[in-house]
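Structure first, then comments.
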Amino acid sequence: MISVGDALACVLDATPRLGTERLSLVEACGRVAAETVTSARAVPNAANAAMDGYALRHADAAAPGARLRVVGVIPAGTVRTEAVAAGTAVKIFTGSAVPPGADAVVKVEDTEEQGGVVTVRVAVPPGNNIRSAGEDVAPGQAVLAPGAVIGPADVGVLASVGRSTVVVHRRPRVTILSTGSELVEVDEPIGPGQVVNSNAYALAAAVREAGGEPVVLPIVRDDPGAVRAGLAQAMLGDVVLSSGGVSVGDFDFVKEALDEARVERLFWKVAQKPGKPLTFGRLGERLFFGLPGNPVSALVCFYVYVRPALRKLSGHARLHLPVVEATLAVATRKAADLTEFIRVRLTDGPDGPVATPASSQSSGVLTGLGAGAALLVGPAAERQLPAGGRYPVVVVDGDGLARTVPAF
Ligand code: AMP
Ligand code: MG
């Protein structure tokens, strides 16, 4: 049986980066850039005032008390071509282009204007309150590089250099195929022995959160022909996520259907709990994850294997959920010889985060993986994890991280 580390490496080795598309700026936020954007212009394009006040020649106001004749006004968006002569000043507003001849701006709070003459109460150094042309972006400067994750500030910079669109990596389309004759849709009446197809919802939500585009297919019964037909439909995805039917039961037909579709099987069964029956394969560049049906197993496999693959497909360099080291609050038994992902909650302790296991670790109990949950990684070689032991914890929900209020 393959180890968790080897299985993850195998998944990422098999995962390509997707092609590109051109998006408008706001749409591109959160995407990964796939081009270099070089600015043809300077931002700002002219030296401008950083304050409301008066543009002047600093030599005229080298000592406090200078009196200068006010010869004009430059509201934002207007330009004055006439040079500022010695002994004069021009009223100026934040963002207005500094007129020729002026080499400093004194802020209005340091002045007093009366009868067309301004008294400057301070000594004004050269360059005072002037933002130089190109202070933000110089002509020829690269403002975006391939691989950069585009955030709101990048969107603003791209706009300021005159780019309304940008080339980014495509989002993976992920088809979700739920198998199981016991499954019913969420709004159907439920009979004894039936189960709502909750995996389709949980996985679609997880795909969306990971930056993918989920496509949920109709439920497939435990029948070889039905599974085959469902898989054929699922082929439109860059990634296919099936759930259920990968164990060794008499009605587990997913592996067989993948083999028949000539999907190259890269592994089946991982030395982990939950999620041991996970199967993974590829056909060309298309990836297939046969997730176990148990809701917890399916979601844990998603976080550990599928999410990093989706991130890689989308062009991201940072693939994995954050991991923190935490102190285990209580002694905890775990499965022998398997890496166990133990559902915990994190709280703030004197030496960093403390991990308290959820009361049930059954792979059917999904509530323990709800908001705020994290996964403590119990090493395969250990059987009994001591209270006080330090273990890595995968932070599934960032809001569940032990937090302190920033000291503003
Ligand atoms: P399987 O992996 O097909 O043996 O399923 C294992 C367990 O997961 C069974 O109890 C199933 O009823 C449950 N299960 C399978 N598929 C789903 C699903 N789509 N939604 C919720 N539970 C499921
Ligand atoms: Mg089943």
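The values are calculated or read from the model by the stated rules, or taken from the named source; none is laboratory data. None of these values were measured; they are calculated from a predicted model. Cβ atoms come from the backbone with ideal geometry, glycine included; neighbour counts cover every protein chain shown. Surface areas here come from the heavy atoms of the whole protein model, side chains and all, with no ligands, DNA or RNA. Shrake-Rupley method; radii C 1.70, N 1.55, O 1.52, S 1.80 Å.
Structure data summary
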| item | result |
| --- | --- |
| Residue that is surrounded by fewer than 19 Cβ atoms within 10 Å (Cβ to Cβ) and assigned to a strand (DSSP E or B), where the choices are 393, 377, 365, 330 | 377 |
| Selection count where residues are touching a Lys or Arg at 6+ places or on another chain (Cβ under 8 Å) and either among the hydrophobic types (A, V, I, L, M, F, W, C) or open to solvent by 20 Å² or more (accessible area, probe 1.4 Å) (or both), scope the range 17-54 | 15 |
| Odd one out for residue 82 among (1) more than 37 Å from the chain's Cα centre (by Cα); (2) of a type in the set (Asp, Glu); (3) in a strand (DSSP E or B) | (3) |
| Residues being more than 16 Å from ligand 2 (Cβ to nearest atom) and either outside any loop (DSSP other than H, G, I, E, B) or not charged (D, E, K, R) (or both) - total across the range 165-193 | 14 |
| Filtered residues of the range 295-308 (kept if open to solvent by 10 Å² or more (accessible area, probe 1.4 Å), more than 15 Å from ligand 1 (Cβ to nearest atom) and not β-branched (Val, Ile, Thr)) | 303, 307 |
| For residue 100: the one exception among (1) over 30 Å from residue 286 (Cα atoms); (2) within 33 Å of the chain's Cα centre (by Cα); (3) in contact (Cβ under 8 Å) with a residue 12 or more places away in the chain | (2) |
| Given (1) away from ligand 2 (no atom under 15 Å from the Cβ); (2) surrounded by fewer than 19 Cβ atoms within 10 Å (Cβ to Cβ); (3) not in a helix (DSSP H, G or I), index of the condition residue 250 fails | (1) |
| Subset of the range 253-282 (residues that are among the β-branched types (Val, Ile, Thr) and more than 11 Å from ligand 2 (Cβ to nearest atom)) | 263, 270, 279 |
| Search result, residues across the range 103-128 that are polar (S, T, N, Q) and without any contact (Cβ under 8 Å) to a residue 40 or more places away in the chain | 114 |
| Failed criterion for residue 255 (all others in (1) more than 30 Å from residue 371 (Cα to Cα); (2) in contact with a strand residue (DSSP E or B) (Cβ under 7 Å, 6 or more places away or on another chain); (3) open to solvent by 40 Å² or more (accessible area, probe 1.4 Å) hold) | (3) |
| Conditions (1) among the polar types (S, T, N, Q); (2) surrounded by 18 or more Cβ atoms within 10 Å (Cβ to Cβ); (3) more than 22 Å from residue 12 (Cβ to Cβ); (4) within 25 Å of the chain's Cα centre (by Cα); number of the one not met by residue 314 | (3) |
| Residues of the range 93-106 satisfying the condition of being farther than 9 Å from residue 55 by Cα and part of a strand (DSSP E or B) | 97 |
| Residue in the range 258-266 that is buried (at least 24 other Cβ atoms within 10 Å of the Cβ) and more than 17 Å from residue 237 (Cβ to Cβ) present | no |
| Output for the range 127-164, where each listed residue is open to solvent by less than 40 Å² (accessible area, probe 1.4 Å), assigned to a helix (DSSP H, G or I) and within 21 Å of residue 311 (Cα to Cα) | 155 |
| Residue check for residue 286: more than 16 Å from ligand 2 (Cβ to nearest atom), modelled with pLDDT of 95 or more and more than 20 Å from residue 398 (Cβ to Cβ) | yes |
| Subset of the range 269-294 that is away from ligand 1 (no atom under 16 Å from the Cβ) and either outside any strand (DSSP E or B) or not assigned by TED's automatic domain parsing to the domain that holds residue 232 (or both) - its residue that is least open to solvent (accessible area, probe 1.4 Å) | 271 |
| Condition met for residue 260 (more than 16 Å from ligand 1 (Cβ to nearest atom), within 16 Å of residue 302 (Cα to Cα) and not assigned by TED's automatic domain parsing to the domain that holds residue 33) | no |
| Candidates 225, 237 - the one that is more than 14 Å from ligand 2 (Cβ to nearest atom) and part of a loop (DSSP other than H, G, I, E, B) | 237 |
| Failed item in (1) in contact with an Asp or Glu (Cβ under 8 Å, 6 or more places away or on another chain); (2) in a loop (DSSP other than H, G, I, E, B); (3) open to solvent by less than 70 Å² (accessible area, probe 1.4 Å), with residue 371 passing the rest | (3) |
| Scan of the range 177-213 for residues that are touching a residue at least 40 places away in the same chain (Cβ under 8 Å) and either open to solvent by 50 Å² or more (accessible area, probe 1.4 Å) or more than 9 Å from ligand 1 (Cβ to nearest atom) (or both), ordered by number | 177, 181, 206, 207, 210, 211, 212, 213 |
